[in-house]
Amino acid sequence: MKPGISSLKNPRCRIYNLATALMDKKLKLAFADDNVLHLKVIEHLAREMGNYEMLYSCHNGKELLHLLETNMEQPDVCILDLHMPDMDGMETARLLRRRYPMIRLFGYSASESADEKKRFLDSGVKLVFSKQSPRKMLISIYHYTRLCENLDSIDFEKNLLRKWNFVNQL
């Protein structure tokens, strides 16, 4: 009998054990958005889902950078709103990319402009998510990050990003 999906559910399977271990580890999250409602929704979902530890919840990029500079604990992931006062998501992403290259950055925007999304990606975020589905965004970021962490290869991450972007455009 050929191994199939059912064999992956076997607790003795290495892939099953790796996946189970990954699901138990929480990601440290920082989130920046000037909209208080969005801050509260992400905080609530992160707590409800149980696979995130909310480190920082900020109203703009300047506040996020200040918290990162003055605290020892660094997040695994930062989610940045595109449009914020004082320091927008693109400027914040550029600075974070230079100062904290190990933090994975993701964009979050209500904008439908392909040009704005491209510029956001060019500033250093891995993916840009719509504000219409925050739960889907958190689930996607969690799985993307865990997969990349455990398949320790920059080439793998570049290929995954290319395929991920293709699938999200369908």
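Quick look at the values:
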| quantity | calculated |
| --- | --- |
| Rough spin-label spacing in nm, given labels placed 7 Å along Cα→Cβ, for ASP86 and LYS26 | 2.6 nm |
| Links that overshoot a 25 Å alpha carbon limit, given the list LYS40/LYS131; LYS25/LYS118; LYS26/LYS131 | LYS25/LYS118 |
| Three-way shape call for the stretch 29-152 based on the alpha-carbon gyration tensor, with the a/c threshold at 1.5 | rounded |
| Virtual spin-label span in nm between LEU37 and ILE139, 7 Å along Cα→Cβ | 2.3 nm |
| Computed magnitude of the charge dipole of the stretch 50-102 (debye, nearest 20; Cβ of K, R +1, Cβ of D, E -1) | 260 debye |
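No lab work stands behind these numbers, since they all come straight from the coordinates. From a predicted model like this one, the values you see are computed outputs, not experimental measurements. No Cβ is skipped: glycine too gets one built from the backbone with ideal geometry, and neighbour counts run over all protein chains shown.
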